[in-house]
1. Considering only residues of segment 59-69 that are of a type in the set (A, V, I, L, M) and under 24 Å from Leu8 (Cβ atoms), which is surrounded by the most Cβ atoms within 10 Å (Cβ to Cβ)?
2. So, in segment 70-109, exactly how many residues are closer than 22 Å to Asn11 by Cα and at pLDDT below 95?
3. Filtering segment 1-31 down to residues that are of a type in the set (Val, Ile, Thr) and assigned to a loop (DSSP other than H, G, I, E, B), which residue is nearest to Thr82 (Cα to Cα)?
4. For segment 33-58, what are the residues that are part of a strand (DSSP E or B) and either of a type in the set (Asp, Glu) or farther than 20 Å from Ile9 by Cα (or both)?
5. Please state which of the following conditions Glu50 fails to meet, knowing it meets all the rest: (1) in contact with a Lys or Arg (Cβ under 7 Å, 6 or more places away or on another chain); (2) over 15 Å from Val112 (Cβ atoms); (3) buried (at least 17 other Cβ atoms within 10 Å of the Cβ).
6. Only one of (1) within 18 Å of the chain's Cα centre (by Cα); (2) part of a strand (DSSP E or B) is not met by Ala66, so which one is it?
7. Would you check which residues across segment 101-116 are over 27 Å from Ile35 (Cα atoms) and outside any loop (DSSP other than H, G, I, E, B) and list them?
8. Go through Val90, Val133, Val119 for me and flag whichever is part of a strand (DSSP E or B) and of a type in the set (A, V, I, L, M).
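The values are calculated or read from the model by the stated rules, or taken from the named source; none is laboratory data. The model shown is predicted, which means the values in this text are computed figures rather than measured ones. Cβ coordinates were reconstructed from backbone atoms using ideal geometry, including for glycine residues, and neighbour counts include every protein chain displayed.
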Amino acid sequence: MILRIKKLIKNAQIPNYQTSGASGMDLYAFKKVTIPPNEYALIHTGISVEVPSGFEAQIRPRSGLALNYGIGVLNSPGTIDTDYRGELKVILFNFGKKDFKVEPGMRIAQFVITKVYRVNIAEEKLSTTHRGVRGFGSTGI
């Protein structure tokens, strides 16, 4: 599969896999931003993509940023649809106790391509199950 990527800014970095077994590519920041504790910021990547039909791109947090700095992706996972052609931007949230400085070229998020199934909707009665409508915490601790 080919993922078409366009640099919107000359110095933007193309996402890439860090290891041969990686599921996600790293997304890179383009601009310098400081995120205070308990605040969020929209981080620019300087690229746009063309996600193939039948797939979506998901933007997910990087585990090292989460563990070491308390940085997460606010709407995780973020979805990039097949018909979106604008700049990829990532909403980072600082759950940590110190300012977090995003620098140009910093790896800020994971970018995963995954299959999407579209369904036909049928409004009708649902089958019954033993669990039924019991939701949160229904199986205990």
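1. Initial filter on segment 59-69 (of a type in the set (A, V, I, L, M)): 59, 65-67.
Add one more test, that the residue is under 24 Å from Leu8 (Cβ atoms), and what stays is 59, 65.
Working: Ile59: 23, Leu65: 21.
Only one residue tops the list, namely Ile59.
2. Looking only at that region, the number is 0.
3. The initial filter retains those residues of segment 1-31 that are of a type in the set (Val, Ile, Thr), namely 2, 5, 9, 14, 19.
Then drop every residue that is not assigned to a loop (DSSP other than H, G, I, E, B), which leaves 2, 9, 14, 19.
Details: Ile2: 13, Ile9: 21, Ile14: 18, Thr19: 26 Å.
The residue in question is Ile2.
4. Correct list: Thr34, Ile35, Tyr40, Glu50, Phe55, Glu56, Ala57, Gln58.
5. The failed condition is (3).
6. (2)
7. Step one: list which residues in segment 101-116 are over 27 Å from Ile35 (Cα atoms), which gives 113-116.
Passing the criteria: Ile113, Thr114, Lys115.
8. Working: Val133 fails: part of a strand (DSSP E or B); Val119 fails: part of a strand (DSSP E or B).
Result of the check over Val90, Val133, Val119: Val90.
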